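Trainee: Please find one structure pasted underneath; my questions will follow.
Readers should treat all values here as calculations from the given coordinates under stated rules, not as data from a laboratory. Because the structure is predicted, anything quoted here is derived from the model rather than measured. So basically every Cβ, Gly included, is an ideal-geometry build from the backbone, and we count neighbours across all protein chains shown.
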Amino acid sequence: MKITLQLPNKSHQKDYEAMIKEFFEHGEQIIPQAMIMKSEETFDDFLIRCENYRQGINMNPEHVPATLFFMIDETGKVVGAVAIRHELNERLKLNGGHIGYWVRPSERKKWYASITLKLALEKCKELGIENALIVCKKDNIWSKKVIQKNWWARDSDYEFEWSTKERYRIKL
Ligand SMILES: CC(C)(COP(=O)(O)OP(=O)(O)OC[C@H]1O[C@@H](n2cnc3c(N)ncnc32)[C@H](O)[C@@H]1OP(=O)(O)O)[C@@H](O)C(=O)NCCC(=O)NCCS
């Protein structure tokens, strides 16, 4: 079982559209926000926005530079997305952290998220992140399993926007 992380490109458009359809059908919380195309955007606009955020240009001034990767399986299919924030603002320290990931519901329980988290840590290292932070809702048992498998150290829990959060750190 192999997953690679690829920057979004035109060849992913069909898969991306199917993935986002699946996302909305499941009515899940948007994690990571960066993977969703805005209503006024075309796919090409979305690709440009992804690249701008990767380079830290033309961004919402409240946002930090971030790289979005698609998770690609062995057949070349887009099975999920992971966003890596290059730095943290005050909000991301409490909600989000450096890494946010989502796997298509139809592709879950295949260890794709677990593999992706390992790959994402390598990307964090390349970006010079020394102490990676990940934040997860206390009741998100599947995500916690993925995080804990990677031996993250856990901070104390806290309340943020009506839910209890768990915060995990790993030194790179
Ligand atoms: C959390 C999430 C990314 C996990 O993705 P995934 O690819 O299914 O995760 P993995 O296959 O690597 O699963 C890790 C463990 O959880 C188990 N697991 C995952 N989903 C499960 C489910 N629905 N039922 C039972 N077990 C599940 C896996 O079997 C595995 O356990 P194991 O190693 O003991 O066998 C996915 O559920 C998701 O996209 N959720 C919505 C977005 C989200 O919550 N992102 C994280 C924000 S912090």
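Trainee: Can Met19 be described as touching a Lys or Arg at 6+ places or on another chain (Cβ under 7 Å), surrounded by fewer than 13 Cβ atoms within 10 Å (Cβ to Cβ) and of a type in the set (A, V, I, L, M)?
Mentor: Against the criterion (touching a Lys or Arg at 6+ places or on another chain (Cβ under 7 Å), surrounded by fewer than 13 Cβ atoms within 10 Å (Cβ to Cβ) and of a type in the set (A, V, I, L, M)), Met19 does not qualify.
Trainee: If you don't mind, there's one more thing I want to ask. If you scan segment 54-71, which residues turn out to be of a type in the set (Val, Ile, Thr) and buried (at least 16 other Cβ atoms within 10 Å of the Cβ)? If you could, list the steps in order and put the result at the bottom.
Mentor: Step one: filter segment 54-71 for residues of a type in the set (Val, Ile, Thr), giving 57, 64, 67.
Once the filter is applied, which keeps residues that are of a type in the set (Val, Ile, Thr) and buried (at least 16 other Cβ atoms within 10 Å of the Cβ), segment 54-71 yields Val64, Thr67.
Trainee: While we're on this one: So if I check each of Glu90, Glu51, Glu74, which one is in contact with a Lys or Arg (Cβ under 6 Å, 6 or more places away or on another chain) and either surrounded by fewer than 22 Cβ atoms within 10 Å (Cβ to Cβ) or over 26 Å from Asn140 (Cα atoms) (or both)?
Mentor: Glu74
Trainee: Could I ask something else about it? If you check Ala81 against the conditions, is it buried (at least 20 other Cβ atoms within 10 Å of the Cβ) and either over 19 Å from Ala153 (Cα atoms) or free of Cβ contacts under 8 Å to residues at least 40 places away in the same chain (or both)? Spell out the reasoning first.
Mentor: Numbers: buried (at least 20 other Cβ atoms within 10 Å of the Cβ): yes; either over 19 Å from Ala153 (Cα atoms) or free of Cβ contacts under 8 Å to residues at least 40 places away in the same chain (or both): yes.
Yes: the conditions hold for Ala81.
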